[in-house]
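J.: Got a structure for you, questions after.
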Amino acid sequence: VDAKGRNMKCLTFLLMLPESVKSKSSKSSKKGSPSSSSKLPPVCYEIITLKTKKKKKMAAEIFPTKKSTSTTTVQQYQQQNLNNNNTIQCCNWQGLYSTIRERNAVMFNNELMADVYFVVGQSGGTQRLPGHKYVLAVGSSVFHAMFYGELAEDKEEIRIPDVEPPAFLAMLKYIYCDEIDLSADTVLATLYAAKKYIVPHLARACVNFLETSLSAKNACILLSQSCLFEEPDLTQRCWEVIDAQAELALKSEGFCDIDSQTLESILRRETLNAKEIVVFEAALSWAEAECQRREMNITIDNQRKVLGQAVYSIRIPTMGLDDFANGAAQSGVLTLNETNDIFLWYTAAKKPELQFMSQPRKGLTPQKCHRFQSCAYRSNQWRYRGRCDSIQFAVDKRVFIAGFGLYGSSCGSAEYTAKIELKRQGVLLGTNLSKYFSDGSSNTFPVWFDYPVQIEPDTFYTASVVLDGSELSYFGQEGMTEVQCGKVTFQFQCSSDSTNGTGVQGGQIPELIFYA
């Protein structure tokens, strides 16, 4: 009965003491005095009073939680645990969290109740990380077999020298917190850990991360890794970048870090869109790096030795004669007989047999997106006085813009100087200054970038050109806001950079030349 005379029911929840505490208490009672030893540690309990006339309520209804406070607390604990700060300041920390996901997150990298430890990393850079077998077994079939399988070993400490500590922590964070935390520095190592311990959803997230960050700078090394991890989709994406931006990829630092098998596959690639002298120079750079990896002296003979049979995949006979005479022939990598035979290949009517492949690579066939349905000319337009013609576009699949198709003179033959640019949100991605000659027809004339520019889907880019020429030119009419080119859809909209009249409905830049 309470102070107001109402009948109440009291429910008392008693926290049962662990056996370890009981055993310690019993031992101390034997050794110590009766007065002090008979006292057990304080028992934590809570009393919940309920009115007898109301229905029973669930715990979530009795103790409503504030989401903002709980989420903040979870994040604080996760940050503490990431730094291996495992101090839990509240004795009833479980009551702070309304979901099992949040309570599991507290256990991430936490020594509280840990029943296994991992010594992760190579000697000299190891990190000791706590784990909880039940949580790990729920998140990975490998951990389940390791801890609960027929051949399970009851080890308190497990050494993992082949996984980097940050990658292992990223995998544990996913298993404990259901969160994916990836960075460019650790994503490959995390993918390796996810593959090793069969955590497929984390592995898929790693692959998606790599695909979105794929560029000519890292395409070759990612190609090597994707083959190792048996990720065919990522392999295909790498090949798309390497084919379209071959010269950039071959000149990247990552190219020198690939394995010999990946090197051979790139050198044999039929659709490689690069000059053969660039391929040859890239192979020599790789050979120099390989000599260093094998701790060999960097000499011409050793470079040829580490290249092995892969050197014959370089299509030296397809080089221009100047490139061969001033480059490959004087490199010292070719034998005297090989050099003589290739010179005869260029000049003699009866050509010698060569070990080198002599057919040019097919490369990639450029595609064109034409955005106008017709073109015209008038006596007062289209005139150029150093003003900018510009249009914005977006695609639904990754493509590589190689250049623009431009209209030429409507008054007979004429020459134009064209400065073309490609921007994304004001950032310059590609530019080139060149001249083109028009023959007076309504055809378009291509102007190319030095290297194809990678275009990501669902983002608008700005294509611009500043033309310098005294003659009036043709211009496009009946422009389309959406154009389907094979499997790629282009969308167009007007650009604020356009000061010479070009827009969606008419003007210059009738074509985008691209690889897909």
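The values are calculated or read from the model by the stated rules, or taken from the named source; none is laboratory data. These numbers were taken from a predicted model, which means no experiment stands behind them. Every residue, glycine as well, gets a Cβ built from its backbone with ideal geometry; the counts of neighbours run over all protein chains shown. Surface accessibility is based on the protein's heavy atoms, side chains included, excluding ligands, DNA and RNA. Shrake-Rupley method; radii C 1.70, N 1.55, O 1.52, S 1.80 Å.
J.: So what J values fall out for the range 146-157 if you push phi through Karplus, 6.51 cos²θ - 1.76 cosθ + 1.60 with θ = phi - 60°, rounded to Hz, Gly and Pro as x?
T.: Karplus values, whole Hz, x for Gly and Pro: 5, 9, 10, x, 5, 9, 5, 10, 8, 9, 7, 9.
J.: Once both labels are modelled 7 Å past Cα along the beta-carbon direction, what's the residue 494-residue 115 spacing in nm?
T.: In this crude label model, residue 494 to residue 115 measures out at 7.0 nm.
J.: Taking K and R as +1 and D and E as -1, what net charge do the other residues with C-beta under 15 Å from the C-beta of residue 341 add up to?
T.: Local charge sum for residue 341: +1.
J.: Take the Cα atoms of the range 234-336, build their convex hull, and give its volume per residue in Å³.
T.: In the range 234-336, the Cα convex hull volume per residue is 97 Å³.
J.: Taking 0.36 nm per residue of separation and subtracting the Cα-Cα distance, what length does fully extending residue 448 through residue 261 add?
T.: Details: separation 187, 0.36 × 187 = 67.32 nm, distance 3.31 nm.
Gain in length upon complete extension: 64.0 nm.
J.: Using a basic spin-label model with each label point 7 Å from the Cα along Cα→Cβ, how many nm lie between residue 348 and residue 468?
T.: 5.0 nm
J.: I'd like to check one number: the per residue accessible area of the range 141-226, probe 1.4 Å, reported in Å² as a whole number.
T.: For the range 141-226, the per-residue accessible area is 49 Å².
J.: Sequence-distant or interchain residues sharing an amide H contact under 5 Å with residue 473, placed H: which?
T.: Under 5 Å from the amide H of residue 473 lie the amide H atoms of 382, 410, each far enough along the sequence or on another chain.
J.: Tabulate in residue order the Karplus-calculated ³J(HN,Hα) for the range 332-339, using 6.51 cos²θ - 1.76 cosθ + 1.60 with θ = phi - 60°, rounded to whole Hz; enter x for Gly and Pro.
T.: Once rounded to whole Hz, the list reads x, 6, 7, 6, 4, 5, 5, 5.
J.: So for the range 137-269, considering every pair of alpha-carbon atoms, how many percent are separated by more than 24 Å?
T.: Working: 3251 of 8778 pairs.
Beyond 24 Å sits 37 percent of the P(r) for the range 137-269.
J.: On to the next question. Sorted by accessible area with a 1.4 angstrom probe, largest first, how do 389, 185 fall? Intermediate values should be presented prior to the final figure.
T.: On the way: 389 0, 185 145 Å².
Most to least solvent-accessible, the answer reads 185, 389.
J.: Also: Can you list the aspartates and glutamates whose alpha carbon sits under 19 Å from that of residue 419, skipping same-chain ones fewer than 8 residues off?
T.: Qualifying aspartates and glutamates at Cα under 19 Å: 389, 450, 468, 471, 497, 511.
J.: While we're looking at this one, here's another question. Average projected area of the Cα convex hull of the range 276-315, in nm²?
T.: Details: hull surface 10.0 nm².
Taking a quarter of the hull surface, the average projection is 2.5 nm².
J.: With unit charges on the beta carbons (Lys and Arg positive, Asp and Glu negative) and the dipole taken about the Cα centre of the range 354-402, which residue among 393, 375, 356 sits farthest to the positive side?
T.: Final value for the positive-end residue is 375.
J.: If you average over every viewing direction, what projected area does the convex hull of the Cα atoms of the range 313-413 give, in nm²?
T.: If I average the Cα hull's projected area over directions, I get 12.7 nm².
J.: Mind checking Rg over Rh on the range 356-411, alpha carbons, Kirkwood formula for Rh?
T.: Expressed as Rg/Rh, it is 1.11.
J.: Here's another thing I want to ask about it. Step through the table entries 251/435; 362/435; 217/487, compare each Cα-Cα distance with 31 Å, and write down the pairs that go over it.
T.: Cα-Cα > 31 Å for no pair; all within.
J.: Counting only other residues whose beta carbon sits under 11 Å from that of residue 203, what net charge do I get with K and R as +1, D and E as -1?
T.: Here the count lands on +1.
J.: Continuing with the same structure: How many nm is it between the label spots at residue 294 and residue 271, if each spot is 7 Å from the Cα in line with the beta carbon?
T.: 3.2 nm
J.: Taking the range 114-158, how much of its Cα-Cα pair set, in percent, is spaced more than 13 angstrom apart?
T.: Summing the P(r) of the range 114-158 above 13 Å gives 55 percent of all pairs.
J.: Pop out the Kirkwood hydrodynamic radius of the range 389-516 from its pairwise C-alpha distances, inverse of mean 1/r, in Å to one decimal. Display every interim value, and only then the final one.
T.: Details: mean 1/r = 0.0682 Å⁻¹.
By the Kirkwood definition, the hydrodynamic radius is 14.7 Å.
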